[in-house]
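Working notes, beginning with the structure itself.
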Amino acid sequence: MAWQSRSQTLDLTTLDKKEEERDKYDKKVDNWLDRFRIMASIIAEKFPHCAKDLWLYESKIHKAQRQFVANAWLDYDKGFRIKMRAHPDMEWDQEDVAGYMHKMMIAR
């Protein structure tokens with residue numbers, strides 16, 4: 001079941017910083033995790049059925065960060081969110097296998 005406020009909640013990660021500062025901040029996984037958890041708690045409060053999928057997505061990103069070099073995890077996350085915006089029926093539990101393979105495997 002898709003939720004209505006997706007585009008608004010996904011943009012919580014921009015936090016009104018200069019683009020350059022934001023990019024540097026985003027590349028630290030601990031910062032990403034903190035911000036994702038804030039976003040996830042807001043979504044889960046309005047859409048409790050999404051809570052498990054958000055937690056699993058966070059876990060997938062954190063695992064990818066530990067397994068792969070550079071910022072492949074961040075590239076995958078950005079690509080996944082772009083796909084979510086383009087496809088309103090897409091949910092957090094859906095796999096973007098092509099995106100994952102492309103971003104993660106070239107980062108090995």
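Going down the table (K28/K52; K28/K60; K28/K83), which pairs top 20 Å between alpha carbons?
Correct reply: K28/K52; K28/K83.
Taking the stretch 33-100, which GluC sites (Glu not before Pro) meet the DSSP loop condition and have no more than 11 other C-beta atoms within 10 Å? Walk me through the numbers on the way to the answer.
On the way: sites: E45, E58, E91, E95; in loops: E91, E95.
Listed in order of number, the matching sites are E95.
In sequence order, what are the phi-derived ³J(HN,Hα) couplings for the stretch 45-58 according to the Karplus relation 6.51 cos²θ - 1.76 cosθ + 1.60 with θ = phi - 60°, rounded to whole Hz, with x for glycine and proline?
For the stretch 45-58, the Karplus-derived couplings read 5, 7, 10, x, 5, 8, 4, 4, 5, 5, 4, 5, 5, 4 Hz, x marking Gly and Pro.
How much length is gained if the chain between N31 and R66 is pulled fully straight, taking 0.36 nm per residue apart and subtracting their Cα-Cα distance, in nm to one decimal?
On the way: separation 35, 0.36 × 35 = 12.60 nm, distance 1.48 nm.
My answer for the length gained is 11.1 nm.
FYI, it's all coordinate maths here, none of it is from the lab. Since this is a predicted model, take the numbers as computed values, not measurements. Because the Cβ atoms are built from the backbone with ideal geometry, glycine has one as well, and the counts that use them run over all protein chains shown.
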